[in-house]
1. How about the range 6-35: which of its residues are part of a helix (DSSP H, G or I) and open to solvent by less than 30 Å² (accessible area, probe 1.4 Å)?
2. For residues that are modelled with pLDDT of 90 or more and either surrounded by 12 or more Cβ atoms within 10 Å (Cβ to Cβ) or under 17 Å from ALA40 (Cβ atoms) (or both), tally how many sit in the range 127-137.
3. Any idea which residue in the range 92-113 is farthest from LEU39 (Cα to Cα), counting only those that are over 14 Å from the mean Cα position of the chain (by Cα) and of a type in the set (Gly, Ala, Ser)?
4. Does the range 46-55 include one or more residues that are at pLDDT 90 or above, part of a strand (DSSP E or B), over 11 Å from the mean Cα position of the chain (by Cα) and closer than 16 Å to THR95 by Cβ?
5. Of the residues ILE104, ILE122, only one is of a type in the set (Val, Ile, Thr), surrounded by 12 or more Cβ atoms within 10 Å (Cβ to Cβ) and farther than 12 Å from HIS11 by Cα; which?
6. Filter the range 35-64 for residues that are of a type outside the set (Gly, Ala, Ser) and out of contact with any helix residue (DSSP H, G or I) (no Cβ under 9 Å at 6 or more places or on another chain); which is nearest to CYS83 (Cα to Cα)?
7. What residue, of ARG82, ARG111, is open to solvent by 30 Å² or more (accessible area, probe 1.4 Å), in a helix (DSSP H, G or I) and touching a helix residue (DSSP H, G or I) at 6+ places or on another chain (Cβ under 7 Å)?
Amino acid sequence: MSSKRIALRAHHGMCLAYFAGKGYSSGFSAHMGRVLAGLAPDTPVRVIDAVDVICGACPNNKGGVCETDSRASAYDRAVLERCGLTAGAELDFGTFTALVQERILGPGLRREVCGGCQWEDICSRRPSRWAQNYRDKI
């Protein structure tokens, strides 16, 4: 297991499940792709409800503060609650994504958490990369 713990916004556990190379800008999309590629199932993460590693390249991140924080924080709270976690929970990435899949995505609750998101069209047309046998696919 890697020794460096990655801070990851709770709702990004859902965003990464459907990421298709599109985002706020080409720089943001490239950055998110690199972050996703670097997250193995045994990568230690701290699930948070604030700006994270992915937000580093987001145009809505203004000096470490998200301009759309009220919406993003609502998504974070919903993911944390449904996964039975609290902000700051430390676990491995595979365990976190398994929780997201089992408690939100698998049961069809994604729209309840983030159905109003501007990326809804992308997520509604793709299967979750956290679906069954995720750990075996990496």
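1. Across the range 6-35, the qualifying residues are HIS12, GLY13, MET14, LEU16, ALA17, TYR18, PHE28, SER29, MET32, GLY33, VAL35.
2. Going through the range 127-137, the residues modelled with pLDDT of 90 or more turn out to be 127-131.
In the following step, the residues that additionally are either surrounded by 12 or more Cβ atoms within 10 Å (Cβ to Cβ) or under 17 Å from ALA40 (Cβ atoms) (or both) were identified as 128-131.
Of the residues in the range 127-137, 4 are modelled with pLDDT of 90 or more and either surrounded by 12 or more Cβ atoms within 10 Å (Cβ to Cβ) or under 17 Å from ALA40 (Cβ atoms) (or both).
3. Among them, the one singled out is GLY108.
4. yes
5. On the way: ILE104 fails: farther than 12 Å from HIS11 by Cα.
Every option except ILE122 fails the conditions.
6. As a first pass, look at the range 35-64 and keep what is of a type outside the set (Gly, Ala, Ser): 35-36, 39, 41-49, 51-55, 58-62.
Add one more test, that the residue is out of contact with any helix residue (DSSP H, G or I) (no Cβ under 9 Å at 6 or more places or on another chain), and what stays is 46, 62.
Numbers: ARG46: 14, LYS62: 29 Å.
Looking at residues that are of a type outside the set (Gly, Ala, Ser) and out of contact with any helix residue (DSSP H, G or I) (no Cβ under 9 Å at 6 or more places or on another chain), I get ARG46.
7. ARG82
The values are calculated or read from the model by the stated rules, or taken from the named source; none is laboratory data. Bear in mind the structure is a predicted one, so any value in this text is a computation, not a measurement. Because the Cβ atoms are built from the backbone with ideal geometry, glycine has one as well, and the counts that use them run over all protein chains shown. Quick note on the areas: whole protein, heavy atoms, side chains included, nothing else; ligands and nucleic acids left out. Shrake-Rupley method; radii C 1.70, N 1.55, O 1.52, S 1.80 Å.
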